[in-house]
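Worksheet: the structure to be examined is printed underneath.
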Amino acid sequence: MELIDRYLQSVKWMLPRKQQDDVIRELYDEILSPVEEKEDALGRPLTEDEQVALLSRWATPCWSPAATGRSVIS
């Protein structure tokens with residue numbers, strides 16, 4: 001899951017220091033759940049392409065609301 005770890009590091013770098021650990025922990029849990037479900041269904045670890053497909057559900061780090069400090073709720 002090196003790709004997922006790199007994604008999380010990219011997001012973490014853009015967050016305010018005080019929020020980094022909490023946000024990354026929550027995002028990790030949110031990402032890991034579908035990864036584990038898919039791996040269980042396939043009976044094997046995900047390929048890098050499959051990880052990319054799952055990560056595409058979330059915005060790229062530079063556009064995510066958490067990374068920019070903006071709320072998605074008006």
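Computed from the coordinates by the stated procedures, all read-outs in this text should not be read as laboratory data. These numbers come from a predicted model, not from an experiment.
Rounded to whole numbers, the Karplus 3J(HN,Hα) couplings from phi for the stretch 2-13 are 4, 4, 5, 4, 5, 4, 5, 5, 5, 5, 4, 4 Hz, using 6.51 cos²θ - 1.76 cosθ + 1.60 with θ = phi - 60°, and x at Gly and Pro. Remark: the stretch 4-62 projects, on average over all directions, an area of 3.9 nm² (convex hull of Cα atoms). 3J(HN,Hα) couplings calculated from phi for the stretch 44-57 with the Karplus curve 6.51 cos²θ - 1.76 cosθ + 1.60 (θ = phi - 60°) are, in sequence order, 7, x, 6, 6, 4, 4, 5, 5, 4, 4, 5, 5, 5, 5 Hz; Gly and Pro show x. For the stretch 18-34, 3J(HN,Hα) computed residue by residue from phi via the Karplus equation (6.51, -1.76, 1.60; θ = phi - 60°) reads 5, 9, 3, 4, 5, 5, 5, 4, 5, 5, 4, 4, 5, 7, 5, 4, x Hz, glycine and proline entered as x.
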